[in-house]
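**Q** Okay, here's the structure, questions in a sec.
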Amino acid sequence: MKGVIKVFLIDDSAVIRHQITKMIIDSQRNIEVIGGAPNGKIALMKMALPKYSPDVVLVDAIMPEMDGFETIKHIMDRFPTPVIMISGLSKREVNRSLSNIGMSVFESGGVEFVKKPDPMVLNDVNRFKRELFYKISNLSQIDLARAYAGFDFKTFLQEEETKPTVEAKSEVISEQFSDLLLVIGASTGGPRAISLILSKIPVKSPPIIVVQHMPEQMVDPWVKRLQSLYPHLIIKIPNNKEKILPNRVYIAPGGKHCGINRDKTFRLFIDERINFVIPAIDVTFVDAARVYKKNVLGIVLTGMGKDGFLGAEKIKSVGGKIFAEHESTCVIPSMPKAIIEGKYADEIIPLHKIPILIHKHGWI
């Protein structure tokens, strides 16, 4: 465990910088703001100096001269450091910003989000504090270099074992996998991990539901990027009461829990956050166990916290399978570690071997 966690704060508002700094000081936690800047350009000049070597960077989304999105890209390129974006952006603003730099910066593995407090919502400042301190503490433990070094591309590229297909996608529904369901849950570092797994998924597969902790505004751009990367797959955000079908990859919408009805349709709903997050992996896992019973495979990837733990227990109780990512390739190993310590994991495997094992178990 680290001693004092060093934080660098980037926001064009001196008032906001003061307020967040005061929050951190008043919390009496092992967190220290070592510096700040009013925009990305000044921040990058300061961070190049030896005296600034933060463990975590907090960055506002909208700033003059260089906004938060572009700032994160430069941070990851020049001195990779975990980043928390403090955002209150609309979907239109996110789409406009990402159209310039692309989603790849957020697939680097070290970016988290905390929504700015809503002045119209009672106690939302307290929610903001809880999320901010929780994520600062967890992100300070990230070692991106270790996670990347643990990924064995030689093994991953053994295509004859995973049998990926170049066949064109089709709207024709195959009954081969109609009784099976594959659910993937991930948090910090998940977009990169999920993208790599999807690169090995063939056209014909069981329905795949992906629950990635991500702000609502980010989901649509991410789905569009995945679809452009893997045009042979049908990748989409489901609608409420939509039938769950084989040969589909469903990305859980942001801001809603992603449940499953007994008739194998989606049950999307807004409710309280579970494990600090919405959508929560536990919700989908529990419903998957109830509806698909032994025919569900749950995969828990990199992430902070314990989301997926209770759901994994349910899946195991009905005879389903659980895979947990090995810590050697995790950006943050907390989520799969909880599964492993609970003795719910049938397989504990590094990211590069997950597609191979899915294939060997007959799920694709």
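**Q** Where residues in segment 127-142 are under 18 Å from E327 (Cβ atoms) and in contact with a strand residue (DSSP E or B) (Cβ under 6 Å, 6 or more places away or on another chain), which of them is surrounded by the fewest Cβ atoms within 10 Å (Cβ to Cβ)?
**A** S140
**Q** Could you please give the count of residues in segment 41-77 that are assigned to a loop (DSSP other than H, G, I, E, B) and within 20 Å of G3 (Cα to Cα)? Give the derivation first.
**A** Narrowing segment 41-77 to residues assigned to a loop (DSSP other than H, G, I, E, B): 48-55, 61-67.
Filter once more, keeping what is within 20 Å of G3 (Cα to Cα): 50-55.
Matching residues across segment 41-77 total 6.
**Q** Tally the residues that are out of contact with any Leu (no Cβ under 8 Å at 6 or more places or on another chain) and either part of a loop (DSSP other than H, G, I, E, B) or of a type in the set (S, T, N, Q) (or both), restricting the search to segment 283-301.
**A** 1
**Q** So for segment 266-282 (the condition being more than 23 Å from L132 (Cα to Cα) and not in a strand (DSSP E or B)), does at least one residue qualify? Before the answer, list the steps.
**A** Taking segment 266-282 and keeping what is more than 23 Å from L132 (Cα to Cα), we get 266-269.
Now restrict to residues that are not in a strand (DSSP E or B): none.
No, segment 266-282 contains no residue that is more than 23 Å from L132 (Cα to Cα) and not in a strand (DSSP E or B).
**Q** From V4, V15, V59, V33, which residue is hydrophobic (A, V, I, L, M, F, W, C), out of contact with any Asp or Glu (no Cβ under 8 Å at 6 or more places or on another chain) and under 18 Å from K135 (Cβ atoms)?
**A** Details: V4 fails: out of contact with any Asp or Glu (no Cβ under 8 Å at 6 or more places or on another chain); V15 fails: under 18 Å from K135 (Cβ atoms); V59 fails: out of contact with any Asp or Glu (no Cβ under 8 Å at 6 or more places or on another chain).
One residue alone meets the criteria, V33.
**Q** Ok, one more. Of all residues in segment 202-236 being of a type in the set (A, V, I, L, M), in a loop (DSSP other than H, G, I, E, B) and at pLDDT 95 or above, which is farthest from G88 (Cα to Cα)?
**A** So in segment 202-236, the residues of a type in the set (A, V, I, L, M) come out as 203, 208-211, 214, 218-219, 223, 226, 229, 233-235.
This time we only want the ones that are in a loop (DSSP other than H, G, I, E, B), so: 203, 214, 233-234.
Within this subset, residues satisfying the condition of being at pLDDT 95 or above are 233-234.
Details: L233: 32, I234: 30 Å.
Applying the filter and picking the extreme gives L233.
**Q** From (1) surrounded by fewer than 21 Cβ atoms within 10 Å (Cβ to Cβ); (2) modelled with pLDDT of 90 or more, pick out the condition that doesn't hold for I62.
**A** So the condition that I62 fails would be (2).
**Q** Conditions first: (1) closer than 17 Å to F113 by Cβ; (2) in contact with a Pro (Cβ under 9 Å, 6 or more places away or on another chain). G68 passes all but one, so which condition is the exception?
**A** Failing condition for G68: (2).
**Q** Which condition number does T265 fail, the rest of (1) touching a residue at least 60 places away in the same chain (Cβ under 8 Å); (2) under 20 Å from P238 (Cα atoms); (3) hydroxyl-bearing (S, T, Y) being met?
**A** Only one criterion is unmet by T265, namely (1).
**Q** Can you find, within segment 274-316, the residue that is modelled with the highest pLDDT among those that are crowded, with 24+ Cβ neighbours inside 10 Å and hydroxyl-bearing (S, T, Y)?
**A** Filtering segment 274-316 for residues that are crowded, with 24+ Cβ neighbours inside 10 Å and hydroxyl-bearing (S, T, Y), the one modelled with the highest pLDDT comes out as T284.
**Q** Considering (1) under 25 Å from the mean Cα position of the chain (by Cα); (2) touching a residue at least 60 places away in the same chain (Cβ under 8 Å); (3) not in a loop (DSSP other than H, G, I, E, B), say which one P80 fails and leave the rest.
**A** (3)
**Q** Give me the residue from segment 251-273 that is at pLDDT below 95 and of a type in the set (D, E, K, R) and, out of that set, nearest to F113 (Cα to Cα).
**A** Filtering segment 251-273 for residues that are at pLDDT below 95 and of a type in the set (D, E, K, R), the one nearest to F113 (Cα to Cα) comes out as R273.
The values are calculated or read from the model by the stated rules, or taken from the named source; none is laboratory data. Quick caveat, the model's predicted, so the values are computed rather than measured. Because the Cβ atoms are built from the backbone with ideal geometry, glycine has one as well, and the counts that use them run over all protein chains shown.
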